[in-house]
């Protein structure tokens with residue numbers, strides 16, 4: 001739900017401390033001679049910084065920020081994260097799905113554009129009908145080529161019913177973002193990343209599915225689920241996992257470049 005400071009401001013509560021003006025990224029806060037807030041310019045993007053940092057809660061926000069996870073606990077979460085390829089068949093309950101997607105409501109978007117829509121497709125067979133079976137039908141006329149391919153065993157198993165695409169996951173999450181957003185790709189990926197980490201914290205299995213994202217334009221049934229004016233930016237497979245990882249993820253190669261002036 002978008003934040004409108006002009007609607008939230010409590011008349012007379014402002015003390016004129018100037019905190020909201022200092023944290024406002026768009027310089028939208030208007031103050032009077034006594035430094036108290038009198039209004040907001042059209043440049044306001046509704047980010048809520050003014051309310052979040054106000055020391056006297058002049059915007060009447062209900063919830064007080066609680067201390068976040070410690071760096072150590074957060075690193076434990078990163079270390080334990082592992083893509084899941086073995087899912088239990090049962091769909092997520094409504095309560096678990098709601099809890100899983102809660103981070104989307106706090107995901108940052110460029111210029112606070114917001115508007116991320118997550119379409120949840122539930123049920124192994126439904127996902128098979130929308131994704132896997134259409135791909136199998138498309139490949140069937142070319143199956144004979146598999147005999148000449150280095151992937152012949154892999155493709156052969158797929159044509160005989162194996163599912164290397166969605167791994168028979170019980171829930172498929174499609175992250176759609178309005179095309180008009182300033183940074184649609186980043187908006188979708190950030191939201192999906194927050195959900196994937198929440199899945200790990202909840203003990204659920206999660207798989208980033210780039211294959212479905214690439215195939216999406218050719219999947220007629222899946223395309224019908226797209227909200228108007230949006231584009232698909234990320235896809236996750238989620239569900240209760242059959243096996244839990246027992247060891248930490250080996251650290252990936254990365255490089256840190258430190259500069260000084």
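The values are calculated or read from the model by the stated rules, or taken from the named source; none is laboratory data. Source: prediction; values computed, not measured. Glycine gets a Cβ as well: all are built from the backbone with ideal geometry, and neighbour counts include every protein chain shown.
Here residue 114 meets each of (1) in the same structural domain as residue 206 (by TED's automatic domain parsing); (2) more than 13 Å from the chain's Cα centre (by Cα); (3) more than 17 Å from residue 236 (Cα to Cα); (4) part of a loop (DSSP other than H, G, I, E, B) with one exception, condition (2). Screening 150, 143 for residues that are outside any loop (DSSP other than H, G, I, E, B), modelled with pLDDT under 95 and more than 32 Å from the chain's Cα centre (by Cα) leaves exactly one candidate, 143. Any residue that is at pLDDT 95 or above, assigned to a helix (DSSP H, G or I), more than 13 Å from residue 82 (Cα to Cα) and touching a strand residue (DSSP E or B) at 6+ places or on another chain (Cβ under 7 Å) - is there at least one of those in region 232-249? No - not one qualifying residue is present in region 232-249. From the list 104, 135, 121, 131, the lone residue that is under 28 Å from residue 164 (Cα atoms) and in a strand (DSSP E or B) is 121. Residues in region 182-201 that are assigned to a helix (DSSP H, G or I) and under 17 Å from residue 112 (Cα atoms): 184, 185, 186, 187, 188, 189, 190, 191, 192, 194. Residue-level check: of (1) closer than 24 Å to residue 114 by Cβ; (2) surrounded by 11 or more Cβ atoms within 10 Å (Cβ to Cβ); (3) touching a helix residue (DSSP H, G or I) at 6+ places or on another chain (Cβ under 8 Å), residue 65 misses just (2).
For residue 84, indicate whether it is part of a loop (DSSP other than H, G, I, E, B), closer than 18 Å to residue 198 by Cα and at pLDDT 90 or above. Yes; evaluated as a whole, the condition is true for this residue.
Yes/no matrix, rows are residues, columns are (1) more than 30 Å from residue 168 (Cα to Cα); (2) more than 31 Å from the chain's Cα centre (by Cα); (3) outside any helix (DSSP H, G or I); (4) at pLDDT below 95:
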{"position": "10", "(1), (2), (3), (4)": "yes, yes, yes, yes"}
{"position": "14", "(1), (2), (3), (4)": "yes, yes, yes, no"}
{"position": "47", "(1), (2), (3), (4)": "yes, no, yes, yes"}
{"position": "52", "(1), (2), (3), (4)": "yes, no, no, yes"}
{"position": "66", "(1), (2), (3), (4)": "yes, no, yes, yes"}
{"position": "75", "(1), (2), (3), (4)": "no, no, no, yes"}
{"position": "79", "(1), (2), (3), (4)": "no, no, no, yes"}
